[in-house]
Amino acid sequence: MSDATVARAGAQPNAAAPPAGEARLQVRALGKHFGAVQALSDVDLDLPAGQVTALCGDNGAGKTVLTKCIAGIFQPDDGQILWEGKPVHIRSPRDAAHLGIETVYQDLALADNLDIVQNMFLARERLRGGLLDEDAMERDAAETLASLRVTTVRSIRQPVGSLSGGQRQSVAVAKAVMWNSKLVLLDEPTAALGVVQTKMVLDLVRRLRDRGLAVMVISHNLNDVFEVADRIAVLYLGRMVIQDAASAFDRQRVVQYMTSGGTNGSG
């Protein structure tokens with residue numbers, strides 16, 4: 001039996017959110033190694049509801065490993081993950097999804113040859129009488145996109161391959177929040193996007209926060225981080241060196257923690 005609580009697919013996201021600022025997910029003393037390589041060591045992290053937490057760190061700091069431990073792809077060797085205050089074992093992405101944790105990776109995992117509706121319901125298709133319930137899927141996809149104010153797509157039946165980078169990212173995020181999501185993990189959501197498309201995606205991140213979701217954004221772009229983050233957490237060589245309100249940082253301080261662990265006189 002999974003430790004994850006099964007969420008009803010298609011339910012309104014965040015139906016029973018804790019108050020904004022209360023931890024949705026907590027990571028405590030998490031460790032992960034791959035052979036002789038210690039990828040994470042004694043990592044603590046809080047992801048509060050109704051806030052955007054930016055996870056920063058240089059290449060190799062452990063951001064992807066930590067994300068995959070939360071998403072159920074990797075199993076931690078040490079430590080604990082708590083979901084809404086209770087210890088959980090997230091053994092697979094299915095377990096994570098049952099809790100309400102959805103991850104949007106940098107490659108988006110969208111099928112270019114399928115349309116928006118087909119992508120949003122891929123592997124989670126609705127059936128009625130043994131047949132695809134196209135009307136229900138189309139209606140729910142349209143409602144989810146509208147609720148997130150994704151209004152730039154020409155048709156929800158257009159192939160994803162015809163969308164711009166910002167539109168593709170919006171579809172991937174909408175797909176993630178459609179399934180009773182409570183925590184959304186976004187891996188470099190504005191990478192390779194232009195100014196207008198970046199603004200579109202950052203506005204979407206704000207709307208997720210305003211709906212009471214916990215959001216974690218991995219980003220190398222500190223302009224984007226300071227644009228949307230309520231909190232900033234910095235990993236350095238597999239250790240969490242600091243996490244605090246975004247207002248406690250400036251760009252120079254974040255860079256110093258990313259590049260030296262804050263050992264050169266910062267904070």
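One table, with the values for the structure above:
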{"quantity": "Cα gyration tensor category, rounded, prolate or oblate, for the stretch 53-135 with a/c compared to 1.5", "calculated": "oblate"}
{"quantity": "Value of [θ]222 nm, deg cm²/dmol, for the chain, DSSP H segments ≥ 4, -39500 (n - 2.57) each, nearest 500", "calculated": "-9000 deg cm²/dmol"}
{"quantity": "For the stretch 63-201: rounded, prolate or oblate by the Cα gyration tensor [a/c cutoff 1.5]", "calculated": "oblate"}
{"quantity": "With every protein chain in place, the chain: carbon and sulfur % of accessible area (1.4 Å)", "calculated": "49"}
{"quantity": "Rg(Cα)/(2.2 N^0.38 Å) for the chain, N = residue count", "calculated": "1.00"}
{"quantity": "Count, lysine Cα pairs under 25 Å in the chain, 8 or more residues apart or across chains", "calculated": "14"}
{"quantity": "FRET efficiency for residue 226 and residue 135, using Cβ-Cβ distance with R0 set to 41 Å, rounded to 0.05", "calculated": "0.40"}
{"quantity": "Nitroxide proxy distance, nm - points 7 Å out along Cα→Cβ at residue 113 and residue 42", "calculated": "5.2"}
{"quantity": "Nonlocal amide H pairs with residue 213, under 5 Å, H built at 1.01 Å", "calculated": "50"}
{"quantity": "Gained length - residue 86 relative to residue 255, 0.36 nm times residue gap less alpha-carbon distance", "calculated": "57.5 nm"}
{"quantity": "Student exercise, the chain dipole from Lys, Arg, Asp, Glu Cβ charges, in Debye to nearest 20", "calculated": "200"}
{"quantity": "Cα-Cα separations in the stretch 49-93 greater than 18 Å, expressed as whole percent", "calculated": "38"}
{"quantity": "Solvent-accessible area per residue for the stretch 101-224 (1.4 angstrom probe, square angstrom)", "calculated": "44"}
{"quantity": "Fully extended contour minus Cα-Cα distance, from residue 22 to residue 244, at 0.36 nm per residue", "calculated": "78.5 nm"}
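The values are calculated or read from the model by the stated rules, or taken from the named source; none is laboratory data. Just so you know, these numbers come straight off a predicted model, no measurement behind them. Every residue, glycine among them, receives a Cβ derived from its backbone with ideal geometry; neighbour counts consider all protein chains shown. These area figures cover heavy atoms from the full protein model, side chains too; ligands, DNA and RNA do not enter into them. Shrake-Rupley method; radii C 1.70, N 1.55, O 1.52, S 1.80 Å.
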